[in-house]
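Remarks on the structure that follows.
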């Protein structure tokens, strides 16, 4: 058996020294860059907090100059109407509607489009059924959903030139308010 020799004082080669220094340099650059980004985000965060505090002191609403021109009032009204329409679209009971549609589907049905009409609480459903019996079953399943009212078949077309004679359909469904 040979004795084990440990040399803790061996000098590192030049390549190892440069590799270590370059890694150290990259680490320092990353630290400086992180500090700069943190400082910028901190300034922006304070500015946003100050704006929120100012708006809360104002009661949450900016004051409007009532002497604005009629065009300005019309533009403001149009913007408010657009915002209200968007709010109505965003507050639809999407989970309930999609859950009920999914519960009504069968293997014989392929939905092609769903178009909500927010003001009238109506969905227009376009799809294709494998056959007429599949379409009638789908309509029956839609009427059984608690969230849907007034299920109406608006149109259907049997595609005789396609194998299996699928039925293209358009259905109108009102949802409960």
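Some values worked out for this structure:
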read-out	value
Out of 146, 129, 163, 103, sole residue that is without any contact (Cβ under 8 Å) to a residue 60 or more places away in the chain, over 30 Å from residue 83 (Cβ atoms) and surrounded by 14 or more Cβ atoms within 10 Å (Cβ to Cβ)	129
Yes/no for residue 161 being more than 22 Å from the chain's Cα centre (by Cα) and modelled with pLDDT under 90	yes
The one condition in (1) farther than 19 Å from residue 165 by Cβ; (2) surrounded by fewer than 14 Cβ atoms within 10 Å (Cβ to Cβ); (3) modelled with pLDDT under 90 that residue 113 fails to fulfil	(3)
Residue match in the range 139-148 (condition: assigned by TED's automatic domain parsing to the domain that holds residue 100, more than 12 Å from residue 101 (Cα to Cα) and touching a strand residue (DSSP E or B) at 6+ places or on another chain (Cβ under 7 Å))	no
Residues being assigned to a helix (DSSP H, G or I) and either at pLDDT 95 or above or within 22 Å of residue 93 (Cα to Cα) (or both) - total across the range 116-139	2
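The values are calculated or read from the model by the stated rules, or taken from the named source; none is laboratory data. Predicted, not measured: the structure shown is a model, and the values here were computed from it. Using ideal geometry, Cβ is built from the backbone for each residue, glycine included, and neighbour counts are taken over all protein chains shown.
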